[in-house]
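**Student:** Below are the structure tokens for one structure; questions will follow.
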Amino acid sequence: MELLGFRIQNYRSVNDSGWIDVEPLTVLVGKNQSGKSALLRGLQKFNPFKDEPYNMDREWPRGHRKDRDKKAPVVTVRFEFTELEEKELSEIAGKKIPKTIEITKGYDGQKVFSYREEFNPDERVEQEMVDKIKELTGLAIESSEKFHLGMEKYQKELKEFVNRHEFVKFVECLRAANQKLASSVSTQEPAATKDREILPKITANATTIAEKCPQKSIRSAIEIEIAKRLPVFVYMDEFRQYSGATFLNQLKERRDRNQMTPEDETVLILMKMAGIDLDDQIAKVGAENREQRALDLNDASITLTKEMAGRWSQEQYVVQFTADQYHMMTFVRSPQQTALVPLEEESKGFQWFFSFDIHFAYETRGALKGAIILLDEPGLHLHPKAQEDLLKRLEAYCKGNQLIFSTHLPFMIDLNKPERIRIVERGDEGTVVSDDIFGGEGDARFSLMAKLGMSASQSLLVAKFNLVVEGTDDYWYITAISELLKRSGKDGIDDRIQITAAGGASEAAYMATFMCGQDLNVSVLFDSDKAGERSEEALIKKWLAKYRSKQITILKIGEMFTKPRTEASMEDMLTEEYYIPFVQTAYRKELNGQILDIKSRNEPQLVKRIELELKTKGIEAFNKGRVGKLIRDDIRNKQVKDMPKETIDNFEHLFEKLRAIAKKWQVTS
């Protein structure tokens, strides 16, 4: 089952979050005390790894005491079945089951299932039951008024149980109603003569209905199966660090007195992950057990090292345990080192990652597949590089799982995936959530903007007019040729336009979108290739279609040529004859005298032809930056007459379009 979205109500600071759509990885961005933790905790208790019921006394929103209700909803989740699940459940239902389902859980702990389209697998049986109830009531038409009113009352009660698909309670109600009717019939009153005649028929019919009624509905059988398939929700909010040393006897005393510290809990988790038993280790203290104990700890070291392999991307480490009597220490070393280093002497970042992995693996018991993982403010104490490292790790955890985490840290936000971002804010009506990245206020939006500023090569959000290009090379070429034209008395790019270089087509689209969200004028220049087309399509369908009031001007490189091209990148504007000698110079060492000849390469783009040619020379990757720097420096020392006319014409066409766009911006600003 895949989680599509959820909604939190009547929980802590959240009166009603509204529906929150989720991705395989979703990030809740908001300042402290905005309600991020409440959202995650409310969701986690839907189906926790360990039973954690909702507590109305502590978790009902403050200031709404009079509204408290045990049946009030707390969380509603929306799931989509896999094809296999849909097939299996449809077989139970005897008809095709809807693809999605919503399940609500309240303070009473009950789960209520509802389908997003009409679906009732018990329709035939329930209609038969309703018809039988009508037949019973029909038998009482000629009865006394008292008896007839009693039958109508019971008919209404019975229909309620049918509508709620509660067949067992229906039978119980039917039998109880029959007994009450029987006891209400007088054996003396002349007016009850007809009642006494009708009663045996009603009793016989009621008995037949009760015997033929199913013990449980098909719907309830389906819901039981769905409940078995519900993913486990794992919540983590404390990622405690372990210093690396402990006295086992003191740890045992605190454990036995139920007075363990957070670090004690981490040590025990670490030992369990490595297969070390605390009581067994204490029992082995003594000279006669020294050899066996050393073997045990060495085996545990190998076990944990394998378990944690590949966890730390900055550097790999080997874990090793040693013990002297009751004193046990954890050491770490890189595979290239021979000297042991106590864990407490490693960087805080490594200690954090090590502890994080230990806790994470333990909390999920290693069964990561199919879980909904909820992380509250991970990476708070890590430096920016380690935070980005953690974000990559979270990506890996999403394989086979879904993950939702909260943050207010810029480096924990991946701007290449803005569809993951949800803005969390707390106002007069409590915590609300939105995917409107333009509408966020205060700290939530600052986190997004700060991340943009840190990831771009130029400062962002300081110019009213902006041009976003795909890469640094594009920025170099545009600025260098613009300066060249101005030195020669010609028009270059409009001075009011600030150029921002992104890290590719997709990030260029997102940067342009964020700038537009700040009411800045933005043009984005894409290569005319598949990556540019995908980013243009995403920009139009995902963002501009959603925020119609915003304006972004989209330009394509292929449109800048005197004869437009369907496929082209910025390098094509420089011409092959001008560009190739700089490639030859940049790769002089690797080419070792070999001459590049790309005439026969059947690719429309210059860069692709060069890549194919370099591969034949044993050079797998083409670094455009090496060439771009040489060209930038060359253009700075040239005049217009020294450059290919086609190149000047292409860039003048681009600058002319940008100046025209800037004039429109000036009018509307």
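**Student:** Which whole-number percentage describes the relative contact order of the chain, with Cα contacts under 8 Å and a sequence gap of 6 or more?
**Tutor:** 13 percent
**Student:** Using a/c under 1.5 as the rounded threshold, could you call the range 123-216 rounded, prolate or oblate? The axes a ≥ b ≥ c are square roots of the C-alpha gyration tensor eigenvalues, and prolate needs a/b larger than b/c, oblate otherwise.
**Tutor:** Prolate.
**Student:** May I pose another question? Only bridges whose two residues both fall in the chain count here: according to DSSP, what percent of them are antiparallel, nearest 5? Mind dumping the intermediate values first?
**Tutor:** Numbers: 40 of 73 bridges.
Here the antiparallel bridges make up roughly 55 percent for the chain.
**Student:** Still on this structure, please answer the following. Exposed loop GluC sites (Glu not before Pro) only (DSSP loop, at most 14 other Cβ atoms within 10 Å): please give the longest stretch of the chain free of them, not including the sites.
**Tutor:** 442-619
**Student:** Using a simple spin-label model with points 7 Å from Cα along the Cα→Cβ vector, what separation in nm is obtained for ARG164 and ARG601?
**Tutor:** The two pseudo-label positions are separated by 7.4 nm.
**Student:** Moving on to the next point. Taking amide H atoms as placed 1.01 Å from N in the peptide plane, list the residues 5 or more away in sequence, or in a different chain, whose amide H sits under 5 Å from that of GLY370.
**Tutor:** Answer set, sorted by chain and number: ASN401.
**Student:** Here is a follow-up. Please give the length that would be gained between GLU265 and ILE224 if that part of the chain were fully extended, namely 0.36 nm times their separation in residues minus their C-alpha to C-alpha distance (nm, one decimal).
**Tutor:** Result: 11.2 nm gained on full extension.
**Student:** Turning to a different aspect of this structure: Hey, if you put +1 on the Cβ of every Lys and Arg and -1 on every Asp and Glu Cβ in the chain, which of SER143, GLN594, PRO121 ends up farthest toward the positive end of that dipole?
**Tutor:** Projecting each Cα onto the dipole axis, the largest value belongs to SER143.
**Student:** Kindly state, to the nearest 0.05, the FRET efficiency for THR303 paired with ASP280, given R0 = 22 Å and r defined as their beta-carbon distance.
**Tutor:** Approximately 0.90, to the nearest 0.05.
**Student:** Please go through the range 566-639 and write out the trypsin sites (Lys or Arg not before Pro) that DSSP classes as loop and that have at most 11 other C-beta atoms within 10 Å. Walk me through the numbers on the way to the answer.
**Tutor:** Working: sites: ARG588, LYS589, LYS599, ARG601, LYS608, ARG609, LYS615, LYS617, LYS624, ARG626, LYS629, ARG632, ARG636, LYS638; in loops: LYS599, ARG601, LYS617, LYS638.
The qualifying sites are LYS599.
**Student:** Right, next: Could you please rank CYS398, CYS516, CYS213, placing first whichever residue has the fewest other Cβ atoms within 10 Å of its Cβ?
**Tutor:** The fewest-first ordering by Cβ neighbours comes to CYS398, CYS213, CYS516.
**Student:** Shape verdict for the range 1-158, please, from the Cα gyration tensor: rounded (a/c under 1.5), prolate (a/b greater than b/c) or oblate.
**Tutor:** oblate
**Student:** Here is a follow-up. For Cα Rg over 2.2 N^0.38 Å, the choices are (i) 1.35; (ii) 0.94; (iii) 1.19; which was calculated from the structure?
**Tutor:** Only one option fits the structure, namely (i).
**Student:** So how far apart, in nm, are the two label points at LEU380 and LYS153 if each is 7 Å from Cα heading toward Cβ?
**Tutor:** 6.0 nm
**Student:** Treating only the Cβ atoms of Lys and Arg (+1) and Asp and Glu (-1) as charged, compute the dipole magnitude of the range 113-179 about its Cα centre; round to the nearest 20 debye.
**Tutor:** So the dipole magnitude of the range 113-179 works out to roughly 240 debye.
**Student:** Note the full-extension length gain between THR208 and ARG254 as 0.36 nm times their separation in residues minus their Cα-Cα distance, in nm to one decimal.
**Tutor:** Full extension from THR208 to ARG254 adds 10.0 nm.
**Student:** A further question on this structure: For ARG124, put the label point 7 Å out on the Cα→Cβ axis and report which residues of the range 78-95 keep their amide N under 14 Å from it.
**Tutor:** Hits in the range 78-95 for ARG124 at 14 Å: 92-95.
**Student:** Quick one: angle between helix 576-586 and the longest Cα principal axis of the chain, in degrees between 0 and 90, rounded to 10, please.
**Tutor:** For helix 576-586, the angle is close to 90 degrees.
**Student:** With a 10 Å Cβ neighbour count serving as the proxy for reagent exposure, in which order, fewest first, do TRP665, TRP19 appear?
**Tutor:** TRP19, TRP665
**Student:** Additional query: Rounded if a/c is under 1.5, else prolate if a/b is larger than b/c, else oblate: which is the range 456-668, with a ≥ b ≥ c the root eigenvalues of its Cα gyration tensor?
**Tutor:** The shape class here is prolate.
**Student:** For ASP642 and LYS464 in the same chain, what is the full-extension length gain: residue separation times 0.36 nm, less their Cα-Cα distance, in nm?
**Tutor:** Values: separation 178, 0.36 × 178 = 64.08 nm, distance 3.41 nm.
Full extension from ASP642 to LYS464 adds 60.7 nm.
**Student:** In addition: Between helix 348-363 and the chain, what is the angle of the helix's C-alpha long axis to the longest principal axis, kept within 0 to 90° and rounded to the nearest 10?
**Tutor:** On a 0 to 90 degree scale, this one is about 30.
**Student:** When ASP357, ASP296, ASP195 are ordered from fewest to most other Cβ atoms inside 10 Å of their Cβ, what list results?
**Tutor:** Result, fewest neighbours first: ASP357, ASP296, ASP195.
**Student:** Next question. If you fit an axis through the alpha-carbon atoms of helix 145-163 and take the longest principal axis of the Cα set of the chain, what angle between them do you get, 0 to 90°, nearest 10?
**Tutor:** For 145-163 against the chain, the angle is about 30 degrees.
**Student:** Sticking with this one: Say each of THR585 and LYS399 gets a label point 7 Å from the Cα, pointing the same way as Cα to Cβ; how far apart are those two points in nm?
**Tutor:** Placing both labels 7 Å beyond Cα along the Cβ direction yields 4.4 nm.
**Student:** Sum -39500 (n - 2.57) across every DSSP H segment of at least 4 residues in the chain, then divide by the residue count to get the 222 nm mean residue ellipticity, nearest 500. Kindly include the intermediate steps, with their values, before the conclusion.
**Tutor:** Values: 23 runs with 301 residues, N = 669.
Value at 222 nm, helices only, nearest 500: -14500 deg cm²/dmol.
**Student:** Right, here's the next one. Just to verify a number: FRET efficiency for ARG626 and ASP237, C-beta to C-beta distance, R0 = 56 Å, to 0.05?
**Tutor:** Values: r = 46 Å, r/R0 = 0.83.
The computed FRET efficiency comes out at 0.75.
Bear in mind these aren't lab numbers, they're just calculated from the coordinates by the rules spelled out. This one's a predicted model, so the numbers in the text were calculated from it and none came from an experiment. Here the Cβ is made from the backbone with ideal geometry for all residues, glycine too, and neighbour counts use every protein chain on show.
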